[in-house]
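Participant: Got a structure for you, written out below as structure tokens; questions coming shortly.
The values are calculated or read from the model by the stated rules, or taken from the named source; none is laboratory data. What you are looking at is a predicted structure, and each value in this text was computed from that prediction instead of being measured. Here the Cβ positions follow ideal geometry from the backbone for every residue, glycine too, while neighbour counts run over all protein chains shown.
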Amino acid sequence: MSSMKLSLATGLLAMTIAVSSAHAEDVEQSLDSTSWPVDILVGTKFTTDYNLRSVSQTQGNPAVQSYAEINLDNGLYAGFWASNVDFEGTDPYAEFDYYGGLRHSFDKLTLDGGYVYIDYIGENPGPELDFWKIYGIGKYALSDDITIGANLFWTSSFIGYNGIDGTHSSAFASVALPQFGLPESVGTYLSGEIGRQWVSDDFAPDYTYWNAGVGFTYKAATLDLRYTGSDLSEAGCAAFIGQRDSCGNRFVASISFDTSFDQLR
């Protein structure tokens, strides 16, 4: 990515977050929820490890992640997500994701389909890792407290190699927990996921991954405590991401802050 693209993308995120915080009062006074067909979501996460499908993208080190997303009333959305990264190969220092799709709820069922482009920033000379995926996600609310779902992601350009198919899919669930004596303003939940990744032509090892954890919510803040693992061996981990110690069972803690213009007005 050129320095101009980097500056524009970073500037957009900063501008969006600035609007949501510095001009919250103006937004509340000027936006009418009955006539404004657009909502803008913004958020930031601080995590002890950028752990993606039970594989660390930061060699077990902390990460800071942010996003901005525009939602239309007809279900169309587009967004930008960013995180620092640290792994071998072309040695990028950041990941930018550009995504968009259509999301709609039918009573208790929510369906989401879209496209995401993963752009690695600061790569050394060599084959670029940038690639794209298409995805579908379904969620169903069994009750006010229990949600289940599944997803499917696919690309024919796995980690930048055209003609290499990459697929990953998982099933997940979340359950709202009792208050356990906590203030009513604090929510608690238990959630988990189990999934599998497949890559064609033995380009990278197929493997199964999982995670389970608890979380606490208060207004715009969420504290998540999670344990994750996979059946990747050290050799398989090295073949996949370039280092042997980025896989294996580990604990990940994160705190995130999320809001939207709808919540501010």
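Participant: Does the range 144-195 hold any residues that are within 23 Å of Tyr99 (Cα to Cα) and of a type in the set (Gly, Ala, Ser), and which are they?
Facilitator: Gly149, Ala150, Ser156, Ser157, Gly160, Gly163, Gly166, Ser169, Ser170, Ala171, Gly195
Participant: Can you find a residue that is surrounded by fewer than 16 Cβ atoms within 10 Å (Cβ to Cβ), modelled with pLDDT under 95, out of contact with any Cys (no Cβ under 7 Å at 6 or more places or on another chain) and not in a helix (DSSP H, G or I) anywhere in the range 15-25?
Facilitator: There is at least one residue in the range 15-25 that is surrounded by fewer than 16 Cβ atoms within 10 Å (Cβ to Cβ), modelled with pLDDT under 95, out of contact with any Cys (no Cβ under 7 Å at 6 or more places or on another chain) and not in a helix (DSSP H, G or I).
Participant: Looking only at strands (runs of 3 or more DSSP E) that lie completely in the range 169-265, which have at least 1 residues being within 30 Å of Ser157 (Cα to Cα) and without any contact (Cβ under 8 Å) to a residue 24 or more places away in the chain?
Facilitator: 186-199, 207-218
Participant: Taking the range 151-206 only, how many residues are more than 30 Å from Leu223 (Cα to Cα) and among the charged types (D, E, K, R)?
Facilitator: 4
Participant: Filter the range 53-67 down to residues that are crowded, with 19+ Cβ neighbours inside 10 Å and touching a strand residue (DSSP E or B) at 6+ places or on another chain (Cβ under 6 Å) and give me whichever is nearest to Val42 (Cα to Cα).
Facilitator: Per the criteria, the residue is Tyr67.
Participant: Right, another one. For the range 68-89, how many residues meet the condition of being surrounded by 18 or more Cβ atoms within 10 Å (Cβ to Cβ) and β-branched (Val, Ile, Thr)?
Facilitator: Selection size over the range 68-89: 1.
Participant: Out of all the residues in the range 127-141, is one or more in contact with a Lys or Arg (Cβ under 8 Å, 6 or more places away or on another chain) and not charged (D, E, K, R)?
Facilitator: Yes, the conditions are met somewhere in the range 127-141.
Participant: Follow-up. Being over 22 Å from Ser246 (Cβ atoms), in contact with a helix residue (DSSP H, G or I) (Cβ under 8 Å, 6 or more places away or on another chain) and aliphatic (A, V, I, L, M) narrows it down to one residue among Ala150, Ala78, Ala68; which is it?
Facilitator: Ala68
Participant: I want to confirm something. Restricting to the range 241-256 and keeping residues that are out of contact with any Leu (no Cβ under 7 Å at 6 or more places or on another chain) and surrounded by 16 or more Cβ atoms within 10 Å (Cβ to Cβ), which single residue is nearest to Pro37 (Cα to Cα)?
Facilitator: Step by step, filter the range 241-256, then rank; the result is Ser256.
Participant: Only one of (1) touching a Gly at 6+ places or on another chain (Cβ under 6 Å); (2) modelled with pLDDT of 95 or more is not met by Phe87, so which one is it?
Facilitator: Failing condition for Phe87: (2).
Participant: Of the residues in the range 65-87, how many are of a type outside the set (A, V, I, L, M, F, W, C) and closer than 16 Å to Asp119 by Cα?
Facilitator: Summing the residues that are of a type outside the set (A, V, I, L, M, F, W, C) and closer than 16 Å to Asp119 by Cα in the range 65-87 gives 7.
Participant: Would you pick out the residues in the range 217-240 that are among the hydroxyl-bearing types (Ser, Thr, Tyr), surrounded by 14 or more Cβ atoms within 10 Å (Cβ to Cβ) and more than 17 Å from Tyr50 (Cβ to Cβ)?
Facilitator: Those that are among the hydroxyl-bearing types (Ser, Thr, Tyr), surrounded by 14 or more Cβ atoms within 10 Å (Cβ to Cβ) and more than 17 Å from Tyr50 (Cβ to Cβ): Thr217, Ser233.
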